[in-house]
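Colleague: Got a structure for you, written out below as structure tokens; questions coming shortly.
The values are calculated or read from the model by the stated rules, or taken from the named source; none is laboratory data. Keep in mind that what you see is a predicted model, and the values were worked out from it rather than measured. Here the Cβ is made from the backbone with ideal geometry for all residues, glycine too, and neighbour counts use every protein chain on show.
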Amino acid sequence: MALAPIGTRPASPPPHADLPPLAGRAAPPARRRRPRTLTPALLLVPTGVVLLAIIGWPLLQLVIISFQEFGRAQIFGAPAPWVGLDNYVAVLSDPVFWNVLGRSILFAAANVALTMVLGTLVALLMTRLSRFFRLLVSVGLLLAWAMPALTAVVVWGWMFDTQYGVINYVLSQLPGVDLIGHSWLIEPLSFFAVATIIITWQSVPFVAFTVYAGLTQVPDEVLEAAQLDGAGAVARFRLIVFPYLKSIFLVVTILQVIWDLRVFTQIYALQGIGGIREQTSTIGVYIFQTSLGTGDFGAGGAIAVILVIIMMAISIYYVKKSIQEETL
């Protein structure tokens, strides 16, 4: 028997040498396909029924009213004649509607941008705080988030009060500033500034908690490696954190757009405190004024259907982007 030279390893047998030839080897058993059942669909039936009853039926009634001449007489049982697209033509040809819609879009865009920026900054701050201060910030955010919208308007209305508001008093302490007696709600620009403060104050907690939850899932090793390579805080957020949380930012932004576009309580309550309705109404308040104020529920229904179409377009865009994110 010949020995292998010193320093060389004996040749190992080829893999699977002890297995029988391929021709005589038994074929692996075919994977059984799990039979499709109707259980998932059946489990969704109760939820679908509830959604149809709560959302579908009122939405159908809204669409029907938008094609009718529906006023105060119809509320008390008078027949509602069909007018076809007359309500939609009247609404879309009314310059007041387009002014209100444009004002609402600009107001929603400003609120969404400010809320997303502040909410993200608060979430980043929470990742750097100790447990005690993080708990303290979380409690403060929860209190702001849990406060009813009408209560928040009342509290902020006291702070911006013309005669006794703390905002006017504090600003008047600055040299050369005298805001005692100044009304923040009489002018549209300052009115929407106050409304933006109230809405943003209550919207930031949702964004902060959601983004903070996403930040806890970003790998620390990747951030540390980027920091060792010389990437600053802004570069790490732009190149690492934001791509990881892109889907979260998309969801939160779409939800904020929908919520801020149909805002009602804050605007309506501020108008009751001192705002001018004709210059400060958003689309939600405009629907209320058209329907209950003038009694033209047909035109109000048409405006509401147009708003629903806008919301559906935003939702469809969100769904498409989510599907694209999942396929990448």
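Colleague: For R33, all conditions in the list (1) modelled with pLDDT under 85; (2) assigned to a helix (DSSP H, G or I); (3) not aliphatic (A, V, I, L, M) hold save one; what is the number of the exception?
Modeller: Evaluating R33 over (1) modelled with pLDDT under 85; (2) assigned to a helix (DSSP H, G or I); (3) not aliphatic (A, V, I, L, M) leaves (2) as the failure.
Colleague: Suppose we filter the range 160-182 for residues that are farther than 18 Å from G275 by Cα and outside any loop (DSSP other than H, G, I, E, B); how many remain?
Modeller: 5
Colleague: Given the condition farther than 30 Å from D86 by Cβ, surrounded by fewer than 16 Cβ atoms within 10 Å (Cβ to Cβ) and not small (G, A, S), answer yes or no: does some residue in the range 207-217 qualify? Explain how you work it out, then say what you get.
Modeller: Just the residues of the range 207-217 that are farther than 30 Å from D86 by Cβ, to begin with: 207-217.
Subsequent filtering for residues that are surrounded by fewer than 16 Cβ atoms within 10 Å (Cβ to Cβ) retains 213, 216-217.
Pick out the ones that are also not small (G, A, S) and you get 216-217.
Within the range 207-217, one or more residues are farther than 30 Å from D86 by Cβ, surrounded by fewer than 16 Cβ atoms within 10 Å (Cβ to Cβ) and not small (G, A, S).
Colleague: Among all residue pairs at least 6 apart or on different chains, which show Cβ distances below 8 Å where the first residue, located in the range 153-179, is closer than 21 Å to T200 by Cβ and the second is in a helix (DSSP H, G or I) and not hydrophobic (A, V, I, L, M, F, W, C)?
Modeller: Matching pairs, first to second residue: V153/T265; V153/Q266; F160/N168; D161/N168.
Colleague: On to the next question. Out of the residues in the range 246-270 that are of a type in the set (S, T, Y) and farther than 23 Å from V155 by Cα, state the one that is farthest from the chain's Cα centre (by Cα).
Modeller: Initially, the range 246-270 is screened for residues of a type in the set (S, T, Y), giving 247, 253, 265, 268.
In the following step, the residues that additionally are farther than 23 Å from V155 by Cα were identified as 247, 253.
Details: S247: 12, T253: 5 Å.
Filtering first and then ranking leaves S247.
Colleague: Same structure again: Out of all the residues in the range 111-128, is one or more touching an Asp or Glu at 6+ places or on another chain (Cβ under 7 Å), within 20 Å of A213 (Cβ to Cβ) and surrounded by 12 or more Cβ atoms within 10 Å (Cβ to Cβ)? Can you show your working first?
Modeller: In the first step, residues of the range 111-128 are kept if they are touching an Asp or Glu at 6+ places or on another chain (Cβ under 7 Å); the result is 111-112.
Filter once more, so that each one left must be within 20 Å of A213 (Cβ to Cβ): 112.
Narrowing the set further to residues that are surrounded by 12 or more Cβ atoms within 10 Å (Cβ to Cβ) leaves 112.
Looking through the range 111-128, at least one residue is touching an Asp or Glu at 6+ places or on another chain (Cβ under 7 Å), within 20 Å of A213 (Cβ to Cβ) and surrounded by 12 or more Cβ atoms within 10 Å (Cβ to Cβ).
Colleague: Go over the candidates A144, A193 one by one and state the one that is in contact (Cβ under 8 Å) with a residue 24 or more places away in the chain and closer than 22 Å to V112 by Cβ.
Modeller: Working: A193 fails: in contact (Cβ under 8 Å) with a residue 24 or more places away in the chain.
A144 is the lone residue from the list that is in contact (Cβ under 8 Å) with a residue 24 or more places away in the chain and closer than 22 Å to V112 by Cβ.
Colleague: I would also like to ask the following. Sort through V122, V49, V45 and tell me the only one that's touching a residue at least 12 places away in the same chain (Cβ under 8 Å), among the aliphatic types (A, V, I, L, M) and outside any loop (DSSP other than H, G, I, E, B). Spell out how you get there, then give the answer.
Modeller: Details: V49 fails: touching a residue at least 12 places away in the same chain (Cβ under 8 Å); V45 fails: touching a residue at least 12 places away in the same chain (Cβ under 8 Å).
Going through V122, V49, V45 in turn, the sole match is V122.
Colleague: If you check G230, G295, which single one turns out to be surrounded by fewer than 17 Cβ atoms within 10 Å (Cβ to Cβ), part of a loop (DSSP other than H, G, I, E, B) and in contact with a helix residue (DSSP H, G or I) (Cβ under 9 Å, 6 or more places away or on another chain)?
Modeller: Values: G230 fails: in contact with a helix residue (DSSP H, G or I) (Cβ under 9 Å, 6 or more places away or on another chain).
None of the others qualify; the one that does is G295.
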